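Let me begin by presenting the structure, written as C-alpha cells, before commenting on it.
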Amino acid sequence: MRAREKRSGRVVVIGAGFGGLAAALRARAMGYDVQVIERLDQPGGRARVFRRDGFTFDAGPTVITAPDLFDELWHLFGEKRAEHVAFLPVRPWYRIGFADGRAFDYGGTVEEMRARVSAFAPGDAEGFVRLAERTRALYRAGYLRMGAMPFHRFSTMMRAVPTLVRLGAWRSLYRFVARDIADESLRRVFTLQMLLVGGHPFRSPALYALIQQLEREGAVWFARGGMTALVQQLVRLGERHGVRMRCGATVSRILVERGRTRGVVLESGETIPAEIVIANADAPMVHEALMPPGRRRSKRRLDRLQPSMGLFVLYFGTTRVFPAIAHHTILLGQSYRALLDRIFGTDPTLPDDLSLYLHRPTATDPSLAPPGQDAFYVLAPVPNLRAPIDWDRARQMLRDRIVRILSERIMPGLEACIVSESSLTPLDFRHDYLSRDGAGFSIAPILRQSAFFRFHNRVRGVRNLYLVGAGTHPGAGVPGVLCSAKLVETLMRTAA
Ligand SMILES: Cc1cc2nc3c(=O)[nH]c(=O)nc-3n(C[C@H](O)[C@H](O)[C@H](O)COP(=O)(O)OP(=O)(O)OC[C@H]3O[C@@H](n4cnc5c(N)ncnc54)[C@H](O)[C@@H]3O)c2cc1C
C-alpha cells in the first residue's frame, strides 16, 4: 500500500466507465476530493448491466486480462481485490469455430498452444513458437514500456520508433502473423483479437499482437457475479474512501478560464466547480462538444479521424441450458478479409456472412440465470454510423440472421427456447454513451491514431484537463483504459 497522500483540491471525473472509475480511485488515493458524474442511471459505461426476467446480462466487456491492473486499484487503499470480488479462471480462453465445422481451443501456455497448433496444422507448430517469441518482444516494448509512458510529446514517440521498426510493429497485424503461420484458419485465430479492440486485422499495426502475450501473462478471467459485480465493487471501494458517485447527470461543458479548468456545467445548468477535470467521455466528443467554444476541434478535423467499427449486440436468455457451449465462442464466417472490408471499407454495408462472438457467462457462473436456464449475448461487428444503414430495420434482420446461424451451427432448437431478449445497435452507442459515430471502441486502432497520434491523456493548452478511456493512449479494451488512468495519475503528479 502507498503512504496516504494529502493533496487538496476538487477533481470531477466525467463518465464512470472502467477508465473513469480507475482515474477517480487514483485521484482519491492522491488525496483529492473526487466526484464522478455519469449520464446513465448506473456506473460502468460499456460495462453496465441489464437485469431482466431473472437474467443478468453484462452489456459489454466479458474477458478480464491483466487482472493485476484491477488488483492495483484495491492496493492503493491497502485492500485486497480478492476479498471483494473473485476472479474465476476461464478455460479455454476462447473456442473458435470455423465455417467448415472445425474448432480450435485457444489459450494456455506456449507449450499447450504449440501442442494444439501441431494437432490442427502440424506444419505451423514451430512457426507458432517463433510467433510467440516475437509477440513477447512486442509486449515488452509496446505494453510494459510504451503503455506506461504518456505519449503527449513527439520526442517520446521518436525515441520509441527505432524499437518499433526493428520489431516490425508498424506492419499490418495479419502480415506479421502470416510470416510464421501458413494455415489460413490459424492466421485468423492469431489476428482476430484485433476485433476485440475495434480494429481491422489487415489494417491495424502488428503492435497489437502484444494482446496475445498480455493474455499469456495474466490468463483470462471472469468476475463472479458478472462484470457488473466488478463495477459495483470498484464503486464501493471508492465510496468507502470518499469518492462521490452521481449518476443520471450529463456534463454539457467543461469550464476553462485563463487556460485552466474550473469545473463542469451539467445539462440542467448546474455548475460543479473543480480544479481538475478528468474526462472519460468519448475523446472526440470532448473535443467536439464539451470544450468551450473557441477551444473545440472543428467537425471537419474530427471527421478525418477513423472511428472504430460499430457493434450489434443481442442479449438473450434461454429456457434450457446449452452445456456444450464454452464461455467464449467465436464463430467465424466463410470469408474473413472480405467481411472485414465490407464493415471497415470506404463504402461500408451490412455483411451477409457474419462472424460472431458468443458469450455464455453461465458456463462459469450459473447464478447469472434462473436455475435450469442460460444467459447469452452475441456480438457482431457491423459498420458504424457513417454508413447509411436504417438501424430500425437492420435490428430485426440481424437478430433473425444471428439466431439462424447459431441454431444451424452450434445451438439447435435455439429459436424455440429464447425467453428474454434485447439488443444494442450503433444508434444506441451514440445515444447512450455519446459515442461519436456510434463507434464500439472510440477511434480505430490504426497507426496514424496510435501513441502520440492518439488523443493525449493531457489536453494541450488547458491546465488540469486530462483524458482517460478508449479514445486515448494506449487505447481501447479494459487493460488499455486502466493503463490510461495510470498515465493520468503520472501526468497529475508531474503537473503538481
Ligand atoms: C460489447 C462490448 C464487448 C467488449 N468486450 C471486451 C472484453 O471482453 N474485454 C476488454 O478488455 N474490452 C472489451 N470491450 C472494450 C471495453 O469494454 C471498452 O474499451 C472499455 O470498457 C471502455 O472504457 P472507457 O473507460 O473508455 O469508458 P466507457 O465504458 O466508454 O464509459 C464512458 C462513460 O462516460 C459516460 N459519458 C459520456 N459522455 C458523458 C457526459 N457528457 N456526461 C456524463 N457522462 C458521460 C458514458 O455514459 C459512459 O458511461 C468491449 C466493448 C463492448 C462494447
Residue satisfying all of: in region 450-464; surrounded by fewer than 17 Cβ atoms within 10 Å (Cβ to Cβ) and among the basic types (K, R); nearest to H152 (Cα to Cα) among these: R460
Residue in region 465-496 that is surrounded by the most Cβ atoms within 10 Å (Cβ to Cβ), counting only those that are among the β-branched types (V, I, T) and within 12 Å of the ligand (Cβ to nearest atom): V468
Enumeration of residues in region 166-206 that are away from the ligand (no atom under 16 Å from the Cβ), open to solvent by less than 10 Å² (accessible area, probe 1.4 Å) and of a type in the set (S, T, Y): T191
Lone qualifier among R134, R95 - being open to solvent by 30 Å² or more (accessible area, probe 1.4 Å), more than 16 Å from the ligand (Cβ to nearest atom) and in contact with a Phe, Trp or Tyr (Cβ under 9 Å, 6 or more places away or on another chain): R134
Criterion (touching a strand residue (DSSP E or B) at 6+ places or on another chain (Cβ under 9 Å) and β-branched (V, I, T)) met by exactly one of V189, V197: V189
Every residue from region 252-275 that is part of a loop (DSSP other than H, G, I, E, B), on the phi < 0 side of the Ramachandran plot and of a type in the set (D, E, K, R): E267, E270, E275
Flag if I405 is more than 16 Å from the ligand (Cβ to nearest atom) and either open to solvent by 10 Å² or more (accessible area, probe 1.4 Å) or assigned to a strand (DSSP E or B) (or both): yes
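Residue-wise test of (1) part of a strand (DSSP E or B); (2) touching a Leu at 6+ places or on another chain (Cβ under 8 Å); (3) in the same structural domain as A141 (by TED's automatic domain parsing).
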position	(1), (2), (3)
L186	no, no, yes
F202	no, yes, yes
I211	no, yes, yes
Q232	no, no, no
E239	no, no, no
G242	no, no, no
Test set (1) in a loop (DSSP other than H, G, I, E, B); (2) within 21 Å of the chain's Cα centre (by Cα) - T329 fails condition number: (1)
Residue among A178, A223, A182 that is within 18 Å of the chain's Cα centre (by Cα) and modelled with pLDDT of 95 or more: A223
Selection within region 332-361 - closer than 30 Å to G372 by Cβ and either in contact with a Lys or Arg (Cβ under 6 Å, 6 or more places away or on another chain) or at pLDDT below 90 (or both): none
R296 within 24 Å of D437 (Cα to Cα), open to solvent by 50 Å² or more (accessible area, probe 1.4 Å), assigned by TED's automatic domain parsing to the domain that holds D68 and more than 13 Å from the ligand (Cβ to nearest atom): yes
Residue ID - farthest from the ligand (Cβ to nearest atom), chosen from residues in region 36-69 that are more than 22 Å from G440 (Cβ to Cβ) and crowded, with 21+ Cβ neighbours inside 10 Å: F55
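Here's the yes/no breakdown for (1) in contact (Cβ under 8 Å) with a residue 60 or more places away in the chain; (2) within 29 Å of T494 (Cβ to Cβ):
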residue: T425; (1), (2): yes, no
residue: D428; (1), (2): no, no
residue: S450; (1), (2): yes, yes
residue: R463; (1), (2): yes, yes
residue: L467; (1), (2): yes, yes
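The values are calculated or read from the model by the stated rules, or taken from the named source; none is laboratory data. Note that this is a predicted model, so its numbers are computed, not measured. Heads up, the Cβs are rebuilt from the backbone with ideal geometry, glycines too, and the neighbour counts pull from every protein chain shown. When the accessible area is computed, the model is the full protein with side chains, heavy atoms only, and any ligands, DNA or RNA have been set aside. Shrake-Rupley method; radii C 1.70, N 1.55, O 1.52, S 1.80 Å.
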